[in-house]
Amino acid sequence: MSGEPAGAGSGLVSLAEIAEAAGRLEGVAVRTPLVPFPRLEPPLLVKPESLQPTGSFKLRGAYTAITASEQAARQRGVVAHSSGNHGHAVAYAAALLGVRAVVVVPRTAPKVKTDAIEYYGAELVRVEPTLAARVAATGELAARHGYVPIPPFDDRAVIAGQGTIGLEIAADCPQADLVLVPVSGGGLISGIAAAVRACCPDAAVVGVEPELAADARESLRRGERVSWPPADVQRTVADALRVEQVGALPFAHLRELVAGIVTVTEDEMLAAVGRLASQARLVAEPGGAAATAAWLYRRDELPAAATPVAVLSGGNIDPGLLAATLAGDPC
């Protein structure tokens, strides 16, 4: 691929970097299983990252990034911005390592996520619900206090950590021919695609976004990163996927390694939340259920597959929303 975006560094994250991250994560991240979704043909395997101690995949990247700068992090502390799950993961990882952490979140972040951040001892800073506000506050805190920034997605160590999911999929199901991954800032799909395409070259990796926050799909179609207005992406119930622009390094991975991006509706994500709970016995937040929703409701837009895998990226759903979704029987 030519014309990699600024921030792509020395190229795409390598399988060696992902393998190194896997070593760092031993005994910290759960090696999540592949769970069959009942009564589907072809069968769907779900990779439930909701079973991580922090309830989402973000632990993998956060812990990898902090330990990659561990000496500086111990001396100066870390700062991160997050819609919720990355902040939770940074707080948890920092507590494990004895590192001071400050987490910047939008004032609209769900209480279930902000409570968890504070539980693990991180200082919480609330800002307006825009990516620009989060980035600005994080930069100011890092400059003022010397904190080590732990980016949510546009970072080699973070991408390598998320890529360990792809390593596990390739090891547990080498015949996988389609891997569906939710897309927000792009770190998750970048790492998974780097690992899966290296280990299973014939497998297709496809991203899934909410229709109301489909900046990555538009970016791929236009060949350049596109930013959506904050007010637009705030409309989606999938708070974990409310990022206005995919990262520079993730975009390089998307262009090189990802077969495409499909979108799902709000109703489809919520229906997938209900079906994951009632049929697969798995708790998912709306954004976490996006990949499953694509297989359930948008299969005609996906590559043909005999052994598809959907990454359930997180399960930190507001209890009231989960109860209402189950009571409404959206399927």
**Asked** How big is the gap, in Å, between the Cα center of region 267-331 and the Cα center of region 185-224?
**Response** 19
**Message:** If I take R0 = 41 Å and measure r between the Cβ atoms of A259 and A323 in this structure, what FRET efficiency does the formula 1/(1 + (r/R0)^6) give, to the nearest 0.05?
**Reply:** 0.65
**Asked** What net charge do the residues around A176 carry, taking every other residue with its C-beta under 15 Å from that of A176, with Lys and Arg at +1 and Asp and Glu at -1?
**Response** -2
**L96 accessible area, assembled protein chains, probe 1.4 Å, Å²** = 100
**Asked** If L188, L15 are ordered by their accessible area, calculated over protein heavy atoms with a 1.4 Å probe, which sequence runs from highest to lowest?
**Response** L15, L188
**Request:** Report the net charge of residues surrounding V243, where surrounding means a beta-carbon distance below 11 angstrom and charges are Lys +1, Arg +1, Asp -1, Glu -1.
**Result:** -3
**Prompt:** Under 5 Å between amide H atoms, partner at least 5 residues away or on a different chain: which partners does G260 have, H built in plane at 1.01 Å?
**Reply:** G207
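Can you give the extra length, in nm with one decimal, that the chain gains between E218 and D202 once fully stretched, where that is 0.36 nm per residue apart less the Cα-Cα distance?
3.3 nm
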**Message:** Using the Cα centre of region 213-270 as origin and beta-carbon charges of +1 (Lys, Arg) and -1 (Asp, Glu), tell me which of A216, L249, T265 is placed farthest towards the positive end of the dipole.
**Reply:** L249
**Prompt:** Stretch A136-Y119 to full length: gain in nm at 0.36 nm per residue minus the Cα-Cα span?
**Reply:** 3.6 nm
**Item:** Carbon and sulfur %, accessible surface of the chain computed with the full protein complex present, 1.4 Å
**Value:** 51
**Complete:** Largest-first ranking of E168, E285 by accessible area, probe 1.4 Å, whole protein assembly kept, is E168, E285
**Item:** For A310, distant residues with modelled amide H under 5 Å away
**Value:** L45, V46, K47, L180
**Complete:** Once all protein chains are kept in place, S14 shows an accessible area at probe 1.4 Å, nearest 10 Å², of 40
**Prompt:** Using 7 Å Cα-to-Cβ label points, what is the L40/S227 separation (nm, one decimal)?
**Reply:** 3.6
**Item:** Residues with amide H under 5 Å from that of V79, placed H, sequence gap 5 or more
**Value:** V102, V148, I150
**Request:** List, in order, the whole-Hz ³J(HN,Hα) value for each residue of region 211-227 obtained from phi through the Karplus relation with A = 6.51, B = -1.76, C = 1.60 and θ = phi - 60°; use x for Gly and Pro.
**Result:** 4, 7, 8, 9, 5, 5, 4, 5, 4, 4, 5, 8, x, 8, 5, 10, 10
**Prompt:** Can you give the accessible area per residue of the chain, in Å², using a 1.4 Å probe?
**Reply:** 36
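Can you tell me the dipole magnitude for the chain around its Cα centre, using point charges on the Cβ only (Lys, Arg +1; Asp, Glu -1), in Debye to the nearest 20?
Details: 28 positive and 35 negative charges, 124 e Å.
About 600 debye.
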**Request:** Rounded to whole Hz and in sequence order, give me ³J(HN,Hα) for region 88-93 from the Karplus expression 6.51 cos²θ - 1.76 cosθ + 1.60, θ = phi - 60°, writing x for Gly and Pro.
**Result:** 4, 5, 5, 4, 5, 5
**Message:** Net charge around K47, counting only other residues with Cβ within less than 13 Å of its Cβ (Lys, Arg = +1; Asp, Glu = -1)?
**Reply:** -1
**Asked** If the cut-off is a Cα-Cα distance under 13 Å, which aspartates and glutamates reach K47, setting aside same-chain residues fewer than 8 apart in sequence?
**Response** E168, D172
**Asked** Just how many % of Cα pairs in the chain lie over 37 Å apart, if you round to the nearest whole percent?
**Response** 8
**Asked** Among Q52, Q162, Q175, which one moves the most in a GNM of the chain with springs linking Cα atoms closer than 10 Å?
**Response** Q175
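Rounded to two decimals, what is the ratio between the C-alpha radius of gyration of region 248-298 and 2.2 N^0.38 Å? Let's see the in-between values first.
Numbers: Rg = 13.1 Å, N = 51, 2.2 N^0.38 = 9.8 Å.
Dividing the Cα Rg of region 248-298 by 2.2 N^0.38 Å gives 1.33.
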**Asked** In a GNM of the chain with a 10 Å cut-off on Cα contacts, which of G287, G139, G207 has the highest mean-square fluctuation?
**Response** G139
**Prompt:** Quick one: Karplus J couplings for region 166-183, per residue in order, coefficients 6.51, -1.76, 1.60, θ = phi - 60°, nearest Hz, x for Gly and Pro?
**Reply:** x, 4, 5, 4, 5, 6, 7, 8, x, 8, 4, 10, 8, 10, 9, 9, x, 10
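The values are calculated or read from the model by the stated rules, or taken from the named source; none is laboratory data. Since the model is a prediction, treat every value here as computed from it, not as a measurement. Note: ideal-geometry Cβ built from the backbone for every residue, glycine included; neighbour counts use all protein chains shown. Surface accessibility is based on the protein's heavy atoms, side chains included, excluding ligands, DNA and RNA. Shrake-Rupley method; radii C 1.70, N 1.55, O 1.52, S 1.80 Å.
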